[in-house]
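A quick write-up on the structure given underneath.
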Amino acid sequence: MINQLGHKARELLSRVGQLQAVIRAMSALASRILAAGLAYIFQIYLAKSLGIENYGIFVTFWTWQVILTHISVMGFSESAVRFLPRYATRLREDLTYGFMSNGLKFIITTSIATAILCGSALYFFGHLLADNMMGSAIVLAVGLPILALELYIEGVARGLGWTMMAVVPGFIVRPLIVMGALFVISLNNIPLTAELALAVTIAVTLFLILLQAIFIKLHVKRVKPATSQNHRKRLRRYWICAAVPLVVVTGVEELLYWSDIVILGFMMPSESVSVYFAALRCMAIAGFIHYAFMLVFAREFSLANAVGDRTELQHRVHMASTWTFWLTIPAVLVTLAAGPLLLSLFGEEFLSGQIIMAVIGLGLVGKSIVGQASSLLIVVGRERLNVLIAAYALVLNIAVSVTLVPIFGILGAAVGTALSQIVRAALLYYYCRLKINVSVIAHFDPRKVLLAKAT
């Protein structure tokens, strides 16, 4: 009798914990919907104020910024989601502070080194770029350390459960300030260019980083580990060794996400890249469903894994996948229905992007079936398997895109992206079941959304 009551109590607590996680995910989703709307408005403003050619240059170099920034962080943004929830569960404030301070020092060093390498590449090979692209490339190299710090702080915020801090500064506050700053600049009859827009964005990012640093300083106690210097060195090496392999993971992830833009940047004129990116940004409104649940459930997976509760981990995985899948479908359909209106706001020349939105939306639905399976593999220490799956999808994406872009133009890149997402989802399902004995597929009965049980 006592055992039955204990079991029911544990099950009730588990359900309460899952519902709390969903509520946090919904809060993150609400903020991300707002962020999606602002991002959309921001892209429209840039497209209209910069012109279609300069906008294409901005998009191309912002894509390179995202890829290089994730490399510069050297995996510490993702490993923060793995370690900080574990230290919070064990009330190890000393390890929390130690991880954060060592990660900060390491990232400052690596991001500056990456910026120097980019500057050197520009010095020796800059003549290969068009004249109107050199300024944007220089701004990108100078701003890399700032953008790397922003990404690291976002990872720390996710690891500590500060969902709003991970979303609001970069996705809500920044576009508002940047648009305001560019508008004031345009009032002074200063022509808006791609390099100017990039420089303003990086300057605003630096301002927000300083505010976030103050917040972290006020809320994280400075507690150094009460251990010997040799032990602290071993800890430092352990954190670095755990984080650095994630560079490959995040690098492949970002290349997989942005490879279509990179390929189009080499194979198509800036105007075509602009149309493709506009369609991508429109469909990104639906894609934020996946990101919102990732913000919350990556930490939930880590907490369940930290206490060794395999059943609870399976519950949370099913919960995340099911919610992600059943919210992504209507989000994609609504976004597609609004596609002509959304694209027309960029300009009449962007309306050809409707078919791109449809293909990208199909890929999003396929991706959502396995929810946050990629984050799960990182949390349980299967980074190599995760990067191997992503690498397979990346090779497929590049092969299909390079083959189809010369034939179908930007539609070929969209097909490559959607196909790679669907294939990757299938591989994630298969290998998560095979290697860690966790089913990551969503429940196809929507009535089981709230009570997602392990199968």
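Scan 161, 143, 126 and give me the residue that is open to solvent by less than 30 Å² (accessible area, probe 1.4 Å) and touching a residue at least 40 places away in the same chain (Cβ under 8 Å).
Sole residue among the options that is open to solvent by less than 30 Å² (accessible area, probe 1.4 Å) and touching a residue at least 40 places away in the same chain (Cβ under 8 Å): 143.
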Within the range 359-378, identify whether any single residue is more than 16 Å from residue 421 (Cβ to Cβ), out of contact with any strand residue (DSSP E or B) (no Cβ under 7 Å at 6 or more places or on another chain) and surrounded by fewer than 24 Cβ atoms within 10 Å (Cβ to Cβ), and answer yes or no. no
May I ask you to list the residues in the range 406-424 that are surrounded by fewer than 22 Cβ atoms within 10 Å (Cβ to Cβ), in contact with a Ser or Thr (Cβ under 7 Å, 6 or more places away or on another chain) and within 25 Å of residue 372 (Cβ to Cβ)? none
Report yes if residue 237 is at pLDDT 90 or above and among the charged types (D, E, K, R), otherwise no. no
All-but-one check, residue 224 against (1) within 18 Å of residue 395 (Cα to Cα); (2) over 20 Å from the mean Cα position of the chain (by Cα); (3) modelled with pLDDT under 75, failing number (1)
Is it true that residue 386 is modelled with pLDDT of 90 or more and crowded, with 21+ Cβ neighbours inside 10 Å? no
How about the range 325-350: which of its residues are open to solvent by 50 Å² or more (accessible area, probe 1.4 Å) and either among the polar types (S, T, N, Q) or over 23 Å from the mean Cα position of the chain (by Cα) (or both)? 337, 340, 341, 345, 348, 349
Scan the range 376-383 and give yes if some residue there is at pLDDT 85 or above, under 18 Å from the mean Cα position of the chain (by Cα) and among the charged types (D, E, K, R), otherwise no. no
For the range 275-315, name all the residues that are in contact with an Asp or Glu (Cβ under 8 Å, 6 or more places away or on another chain) and over 16 Å from residue 415 (Cα atoms). 304
List, please: which pairs have Cβ atoms under 6 Å, are six or more places apart or on different chains, and start with a residue in the range 63-79 that is in contact (Cβ under 8 Å) with a residue 24 or more places away in the chain and end with one that is open to solvent by 40 Å² or more (accessible area, probe 1.4 Å) and among the aliphatic types (A, V, I, L, M)? 74/244; 75/244
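Do any helices (runs of 4 or more DSSP H) entirely within the range 330-433 hold 3 or more residues that are in contact with a helix residue (DSSP H, G or I) (Cβ under 7 Å, 6 or more places away or on another chain) and among the polar types (S, T, N, Q), and if so, which? Steps first, please.
On the way: elements: 339-344, 354-368, 373-379, 383-408.
Result: 383-408.
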Filter the range 265-320 down to residues that are over 22 Å from the mean Cα position of the chain (by Cα) and of a type in the set (Gly, Ala, Ser) and give me whichever is least open to solvent (accessible area, probe 1.4 Å). 304
In the range 75-96, which residue that is under 30 Å from residue 136 (Cβ atoms) and at pLDDT below 85 is surrounded by the fewest Cβ atoms within 10 Å (Cβ to Cβ)? 78
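From the list 198, 211, 176, which residue is surrounded by fewer than 20 Cβ atoms within 10 Å (Cβ to Cβ), in contact (Cβ under 8 Å) with a residue 12 or more places away in the chain and under 16 Å from residue 39 (Cα atoms)? Please lay out each step first, then the result.
Details: 198 fails: surrounded by fewer than 20 Cβ atoms within 10 Å (Cβ to Cβ); 211 fails: under 16 Å from residue 39 (Cα atoms).
Matching residue, one of 198, 211, 176: 176.
The values are calculated or read from the model by the stated rules, or taken from the named source; none is laboratory data. Predicted, not measured: the structure shown is a model, and the values here were computed from it. Positions of Cβ are backbone-derived with ideal geometry, glycine not excepted, and every protein chain shown enters the neighbour counts. Keep in mind that these areas ignore ligands, DNA and RNA; they rest on the heavy atoms of the full protein, side chains included. Shrake-Rupley method; radii C 1.70, N 1.55, O 1.52, S 1.80 Å.
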